[in-house]
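One structure below.
Rule-based calculations on the coordinates, nothing more; no lab input. Quick caveat: nothing in here was measured; it's all calculated off a predicted structure. Note that each Cβ is placed from the backbone with ideal geometry, even for glycine, and that neighbours are counted across all protein chains shown.
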Amino acid sequence: MSSASSPRAQEPLLVEESLLNATRRRAFGVMFWICAGWIALVVLLALLASVLGLQNPTTENYDSLNQGPTLAHWFGTDDLGRDIFSRVVYGARVSLIVGFGAMVISMSIGASLALLAAYRRGKIDLLVSAASYVMLAFPALVAVIAIIAFWGHDLWKITLIIGVAGIPLVFRVVRAAALGYATRDFVVAAKTQGASDWRIITKEILPNVLPAMVSFFLIGVASVVILEGALAFLGLSVQPPTPSWGNMISESRTYLSQNPWLALFPSLAMILFLIALNLIGDTLRSALDHQEGKL
Amino acid sequence: MARYLVKRFFALLGILFFISLGAFFLIHLLPGDPTVTILGPSDNAQNRAALTSQLGLNLPLWHQYLVWIGNVLQGNLGESYITHESVSRIISTAFPIDLELIIISQLLALSIAVPTALASAKRPNGLLDRTSTTTSFALLALPPFILIVFFVLIFSIYLHWFPGPGSYIPFTQNPGQNLRAMILPSIVLAIGSIVIYFRILRGDLISTLQQEFITVARSKGLSNRYIMWRHALRPSSLALLASAGLNISGLVAGAFVVEYLLALPGLGYEIVNSINQVDYLTVQGITLFVAVVIVLVNFVIDFLFTVVDPRITRE
């Protein structure tokens, strides 16, 4: 870690303070705010989809099949005459729920175990670390495909399965970050003052690894969105006619040479969403990294 | 060193034992009845019961596991319920495709990522560095399935440069056709790796170039190119090696998706089909095989660390 190179980084650092310094020292840049705005827009549209007066994403209309973009249908219509704009907006719900939902599950369980293991060490650490190695060596995609294939592919099951599959990775990343703090002087000081384990973990260690967790969380959401798309191609995501970006792109393959718009708009939505997530995650990480290095 | 290797070897055996448990119980605890896929949903209960006991599926689970693992340890992975082909045969015909795909894509990725990273690290924040960093960012957000959809549209349907999905021919039958069919999937698979290798190598090179032995080399009047390739790349390739180890399971997963979408009959294609057909032994066999490969590759990479940097000795 960069912290080791700088002697002054040994001092405890509060997150609020470090975030504040980072923002004060150098703004996140225009791109960061454009990306944050885009994510906010996607979330807002997905939340308000049913009250925006959009056309029903599953209503078929045989008078307007495979149309390009028009005023009535901004993104055109698909092979069943359904409005692609409305399907892209409703499809965002699937990506958002699976992406953020799965990462919340992986993060909350993985990070709790990691903080406990890094602070307590000993048997707990050994046990959970060994389990995480076994899970990481297991071909995760195979496990996810198998469980979804047999257990069912509704939205919540997919979210849960991907979330659980992500636990060992989160565990390893957070444990590595927390280990560096678990033996620092301020933790020892807290312990000698008689602070409880719970208090040390939540008040002393967690705030220091939180920045790393936030950026890992966002980049993790991007990976889960990609995974959901891949599952859709295998027929293992939410079932048609419910739209998701993944199954829209997958279904588009049949009529692709006649109507490339079919694939273009959901692909663009997904790509821009992924770029935004990655860029925000990366900006946060480097802002906080520089912070430690430059102190 | 020898002691370290022996210790690692036993840890490896332990991991493989748990993976065999996982591969077996994961598949068996899930709902789904192989006799339904074999006999069809309309066959009577009597035939189904007969087949169940013939396949040994009526035994307690732990007993089934012991039978399976006993056979596996003797090199017998069993045979597919559906095609009656032996699982080892399925693996030996499918695996070369994954291997070819991964090797071509990694050669492609390294031959683009390494020179780009070297050029970028020479002038951090220069024009080339900023361009390639931004490009790598955009590439990171291109999922393989979207690439495949548009590559097939552009290069197969419009331009006819490459054959479309389902045109795989074994290398031994027609090497030219085989390579033509492998180019598209290899490029798709390479793109994800290029980003990882470029970013890690660039970051590491920038910090390596600030070290004193580089300044010494510069003051000796060595050429920039010589310093980059001979002095800077070697210490920085440690990070590259570590990332290759972490990358390998993602690479296998990526290869599986690409194969399935382009109908290349590799392990990924086989395993998705066998999962859909509740073909227990094939799924278990391939899962175990893939896990063994991943674990072994990581073991070898761990060993390579000491070769790349002889200062590293393990106690």
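Structure above, values below:
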| read-out | value |
| --- | --- |
| Separation between Cα centres of region B:252-295 and region A:219-295, rounded to whole Å | 24 |
| Lys pairs under 27 Å by Cα in chain A, provided they are eight or more residues apart or on distinct chains | 4 |
| Cβ-placed point charges (K, R +1; D, E -1), dipole of chain B about Cα centre in debye, nearest 20 | 1580 |
| Tail weight of P(r) past 30 Å, computed on alpha-carbon pairs of the protein assembly as shown, percent | 60 |
| Cβ charges +1 (Lys, Arg) and -1 (Asp, Glu), total dipole of the protein assembly as shown, debye | 2320 |
| Helical segments meeting 30 Å axial Cα length and Kyte-Doolittle 0.0 threshold in chain A (DSSP H) | A:84-120, A:155-182, A:206-233, A:261-294 |
| A:W245, A:W151, A:W198 arranged by Cβ crowding within 10 Å, fewest neighbours leading | A:W198, A:W151, A:W245 |
| Alpha-carbon centroids, region B:92-131 and region B:185-224: separation in whole Å | 12 |
| Quotient of C-alpha Rg and 2.2 N^0.38 Å, computed over chain B | 1.22 |
| Unit charges at the beta carbon, dipole of region A:88-293: most positive-side option, A:T192, A:L218, A:G110 | A:T192 |
| Computed lengthening from B:D33 to B:W62, 0.36 nm per intervening residue step minus Cα-Cα distance | 8.7 nm |
| Spin-label model distance (nm) - A:Y255 vs B:F299, 7 Å beyond Cα toward Cβ | 5.3 |
| Degrees, to the nearest 10: B:45-54 long Cα axis against longest axis of chain B | 60 |
| Lys/Arg +1, Asp/Glu -1 at C-beta; chain B dipole; positive extreme among B:S167, B:S86, B:L26 | B:S167 |
| Mean-position separation - Cα centroids, region A:95-154 and region B:44-81, in angstrom | 30 |
| Distant-in-sequence amide H partners of B:E79 (H built 1.01 Å from N, under 5 Å) | B:V87 |
| Distance (nanometres) between label positions extended 7 Å along Cα→Cβ at A:I109 and B:L99 | 3.7 |
| Per-residue average of Cβ from other chains inside 10 Å of B:143-156 | 6 |
| Choice from A:K203, A:K123, A:K157 with maximal GNM fluctuation in chain A (Cα, 10 Å cutoff) | A:K123 |
| Farthest toward positive dipole pole in region B:87-314 [+1 Lys/Arg, -1 Asp/Glu at C-beta], among B:A232, B:Q177, B:T215 | B:T215 |
| GNM top mover of A:G68, A:G229, A:G281 - chain A, alpha-carbon springs below 10 Å | A:G68 |
| Fluctuation leader among B:P163, B:P41, B:P185 - chain B, Gaussian network, Cα springs under 10 angstrom | B:P41 |
| Cα-centre dipole for chain A with unit charges at Cβ (Lys and Arg positive, Asp and Glu negative), debye to 20 | 1020 |
| Burial order of peptide ranges B:71-82, B:114-125 (average beta-carbon count within 10 Å, highest first) | B:114-125, B:71-82 |
| Cβ-derived FRET efficiency at R0 56 Å, A:Q193 paired with B:L222, nearest 0.05 | 0.50 |
| Value at 222 nm in deg cm²/dmol, rounded to 500, when DSSP H runs of n ≥ 4 in chain B each add -39,500 (n - 2.57) | -24500 deg cm²/dmol |
| Sorted by Cβ neighbour density within 10 Å, fewest at the top, the residues A:E228, B:E85 | B:E85, A:E228 |
| Theoretical FRET efficiency, 1/(1+(r/R0)^6), r = Cβ-Cβ of A:D154 and B:F25, R0 22 Å, to 0.05 | 0.40 |
| Under the Karplus curve 6.51 cos²θ - 1.76 cosθ + 1.60, θ = phi - 60°, whole-Hz ³J(HN,Hα) for region B:271-287, x wherever Gly or Pro sits | 6, 5, 5, 5, 5, 5, 9, 6, 8, 3, 5, 5, 4, 4, x, 5, 4 |
| Helical contribution to [θ] at 222 nm, DSSP H n ≥ 4, -39,500 (n - 2.57), averaged over chain A, rounded to 500 | -23500 deg cm²/dmol |
